[in-house]
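The structure under discussion appears below in the form of structure tokens.
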Amino acid sequence: MLPKIGSFKFHIESYVCDFTEKATLTVMSRFLLDAASIHAQQRGFGYEQISKDNVAWVLSRLSIQIEEYPDHNQDLTVETWIETVSRFFTQRCFCFIDQSGKIIGYARTIWAAIDMQTRRPIDIPAWRPDMLQYVEPEKQCPIEKMSKIPMVDGVDPHMGYTVRYSDIDINKHMNSAKYIEHAINIFDLSIFKEKFIRKFEIVFLAEGLFGDKLKLYMQNLSENEYIIDTKKGEESVCRSRIIWK
């Protein structure tokens, strides 16, 4: 049996950095998704294994807190483990460690297993009881549990876009990291010169499909806290909370 906690190394290449010469939030989220995918694949419940059952993992919620973004040409280690498995959801945690061994951030995620024909969640313990042996409840993930993200009403959209080819993933819907990328693109470059995104939360509510016309609505809750509501018509596809530092 493999260890419950997986540890995966990534290198910060120049093409994944922004003008500050540091990795971006979108890149950190992609590393997170890569680590989750490899960890699951190695333990027998990754994409290749579960697609035989016509099932896919779908990210439901993500909360990521970064105290310091890694620099260009640095190594980053991402640790990941399954915190809980319930009937319809599994909670997976992450720890980000720079090349000096310093912990620079954590993340929490909630995943559902979806029947690709009915698009309905399935009973995870009944479907894959072998997953339970990899649950690691003892390792701490010291960021707060994900909070409810309110709707944004009564404002005009700040920006819009149409879902295109490069937004779509292997499950034929919009890739999770693309929602993050579009959400942070709503901000002017000037704020990135003065601050960084310390905490980002997102809840996925509906699928973004090719050709969908999405609009982003933003509400400023305080000096450094914003809510972004991504909608398809009147329906919220996802909602994000961004806290700057």
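The values are calculated or read from the model by the stated rules, or taken from the named source; none is laboratory data. Source: prediction; values computed, not measured. Note that each Cβ is placed from the backbone with ideal geometry, even for glycine, and that neighbours are counted across all protein chains shown. For accessibility, only protein heavy atoms count, side chains too; no ligands or nucleic acids. Shrake-Rupley method; radii C 1.70, N 1.55, O 1.52, S 1.80 Å.
From Cα pairs below 8 angstrom and at least 6 apart in sequence, can you work out the relative contact order of the chain, rounded to a whole percent? Don't skip to the end; give the middle numbers.
Numbers: 497 pairs, mean separation 44.7, N = 245.
In percent, rounded to a whole number, it is 18.
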Applying 1/(1 + (r/R0)^6) with R0 = 30 Å to the Cβ-Cβ distance of residue 126 and residue 162, what FRET efficiency is obtained, to the nearest 0.05?
0.15
Could you tell me which Cys residues in the chain have no other cysteine's Cβ under 4.7 Å from their own Cβ, answering none if every one has a partner?
17, 95, 238
Figure the gain on full extension for residue 11 and residue 140 (residue separation times 0.36 nm, minus the Cα-Cα span) and round it to one decimal in nm.
43.9 nm
Diffusion coefficient in µm²/s returned for the range 113-220 by Stokes-Einstein, Kirkwood Rh over C-alpha pairs, 10 °C and 1.306 mPa s, is 91 µm²/s
Added length on full extension, which subtracts the Cα-Cα distance from 0.36 nm per residue, residue 234 to residue 213
6.4 nm
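How big is the shadow of the Cα convex hull of the range 1-89, averaged over all directions, in nm²?
7.1 nm²
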Length gained when the stretch residue 47-residue 148 is fully extended (0.36 nm per residue, less Cα-Cα span):
33.4 nm
Taking just the alpha-carbon atoms of the range 53-135, what radius of gyration and Dmax come out, in angstrom?
15.6, 47
Within the chain, helix-based [θ] at 222 nm, where runs of 4 or more DSSP H residues each add -39,500 (n - 2.57), nearest 500
-4500 deg cm²/dmol
When the solvent-accessible surface of protein heavy atoms is calculated with a 1.4 angstrom probe, in what order do 165, 69, 47, 106 fall, highest first?
165, 47, 106, 69
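How large is the dipole of the range 91-132 about the Cα centre if only Lys and Arg carry +1 and Asp and Glu carry -1, each at its Cβ, rounded to the nearest 20 debye? Don't skip to the end; give the middle numbers.
Details: 6 positive and 4 negative charges, 26 e Å.
For this selection, approximately 120 debye.
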1.4 Å probe accessible area per residue over the range 15-168, in Å²
49 Å²
In nm, the gap between the two label points placed 7 Å beyond Cα toward Cβ at residue 117 and residue 19 is 5.2 nm
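With a ≥ b ≥ c the root eigenvalues of the C-alpha gyration tensor of the range 170-238, is it rounded (a/c under 1.5), prolate (a/b larger than b/c) or oblate?
Details: a/c = 2.20, a/b = 1.76, b/c = 1.25.
Cα axes put the range 170-238 in the prolate bin.
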Would you mind pulling out the separation of the Cα centroids of the range 193-235 and the range 1-50, in Å?
23 Å
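Computing the accessible area with a 1.4 Å probe over protein heavy atoms, can you report the carbon and sulfur percentage for the range 124-245? Don't skip to the answer; put the middle values down first.
Working: 3300 of 6500 Å².
Carbon plus sulfur share of accessible area: 51 percent.
Starting from the Cα gyration tensor of the chain, take the square roots of the eigenvalues, sort them a ≥ b ≥ c, and report rounded, prolate or oblate (rounded when a/c is under 1.5, otherwise prolate if a/b is larger than b/c, else oblate).
Details: a/c = 1.70, a/b = 1.16, b/c = 1.47.
It comes out oblate by the Cα gyration axes.
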